[in-house]
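S.K.: Mind looking over this structure? Questions follow.
The values are calculated or read from the model by the stated rules, or taken from the named source; none is laboratory data. None of the values given here were measured: they were computed from a predicted structure. Calculation scope for accessible area: heavy atoms of the full protein, side chains included, ligands and nucleic acids excluded. Shrake-Rupley method; radii C 1.70, N 1.55, O 1.52, S 1.80 Å.
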Amino acid sequence: MTFIQIIDLFTFYGVDIAILAAATAIITQVLKITILKKVQKKILTFLPFTLGTLLYAVYAGVRNMSAVYVIQQYAEIIERGLAIGSLATLLYVLYEQFIRQKSGLSETEQVVSALIQGFVPDDGVEEVAKKVTDAILKDVTGNGAKLCEEIIADNAAEGVTERDVQLLSKLIIETLAHMTVQ
């Protein structure tokens with residue numbers, strides 16, 4: 001595709017498509033984290049395209065003040081709807097890759113972090129999660145649970161009992177063992 005073709009593409013579709021694509025990306029993300037939280041990821045892949053087509057159909061119907069227009073121009077509606085879905089997907093990818101701040105934790109550290117939340121003061125959760133994960137993964141002696149207990153006990157919040165620390169460390173060990181098996 002040449003530069004002129006790319007400019008023609010934006011001229012042909014217009015700013016309305018870009019605005020609808022941004023709205024589609026936002027609505028898609030809101031639906032993913034609320035209503036459609038338990039839906040398979042494969043199905044969610046098509047959500048921006050379906051939603052984009054529906055939004056464009058509503059937009060075209062309102063703009064032309066006719067539902068008949070939407071039915072008569074169904075090919076245009078589908079084409080523009082798919083363009084909206086594609087642009088919404090592109091906007092989401094750009095957001096994820098360049099704008100969104102990711103935590104500095106690995107997947108395993110994020111799991112440990114979630115498990116120790118509430119047992120360790122909030123300002124030390126990431127650091128303790130890194131220490132616990134590192135200690136368990138580098139443990140060759142088989143004392144991962146004891147190492148985990150010591151680290152958590154040293155950094156535990158007020159009111160956390162020794163029994164809580166023991167149970168939490170066992171839970172972490174079991175969780176990490178199942179994570180590596182799957």
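S.K.: Across the chain, how many lysine pairs separated by 8 or more positions, or lying on different chains, have Cα atoms within less than 14 Å?
M.R.: Here the count comes out as 6.
S.K.: Most mobile of I35, I17, I99 per a Gaussian network model of the chain (Cα springs, under 10 Å)?
M.R.: I35
S.K.: Here's something else I'd like to know. Gaussian network model of the chain, Cα springs within a sub-10 Å range: biggest mean-square fluctuation belongs to which of G144, G159, G61?
M.R.: G159
S.K.: Counting pairs of alpha carbon atoms under 8 Å apart in space and at least six apart in sequence, what relative contact order in percent does the range 132-182 give?
M.R.: After rounding, I find 34 percent.
S.K.: Can you show me the helix-derived [θ] at 222 nm for the chain, built from DSSP H runs with n ≥ 4 at -39,500 (n - 2.57) apiece and divided by the number of residues, rounded to the nearest 500.
M.R.: Result for the chain: -23500 deg cm²/dmol, rounded to the nearest 500.
S.K.: Over the chain, what is the relative contact order in percent, taking alpha-carbon pairs closer than 8 angstrom and at least six residues apart?
M.R.: Numbers: 144 pairs, mean separation 30.7, N = 182.
Value for the chain: 17 percent.
S.K.: Hey, what's the chain come to in accessible area per residue, 1.4 Å probe, Å²?
M.R.: I get 67 Å² per residue for the chain.
S.K.: Moving on. May I ask you to give the percent of accessible area on the chain that is carbon plus sulfur, with a probe radius of 1.4 Å? Could you put the intermediate results ahead of the total?
M.R.: Numbers: 7770 of 12270 Å².
Roughly 63 percent, rounded to a whole number.
S.K.: Among rounded, prolate and oblate, which fits the chain when a ≥ b ≥ c are the square roots of the eigenvalues of its C-alpha gyration tensor, a/c under 1.5 means rounded, and a/b larger than b/c means prolate?
M.R.: Prolate shape, in that a/c is at least 1.5 and a/b is the bigger ratio.
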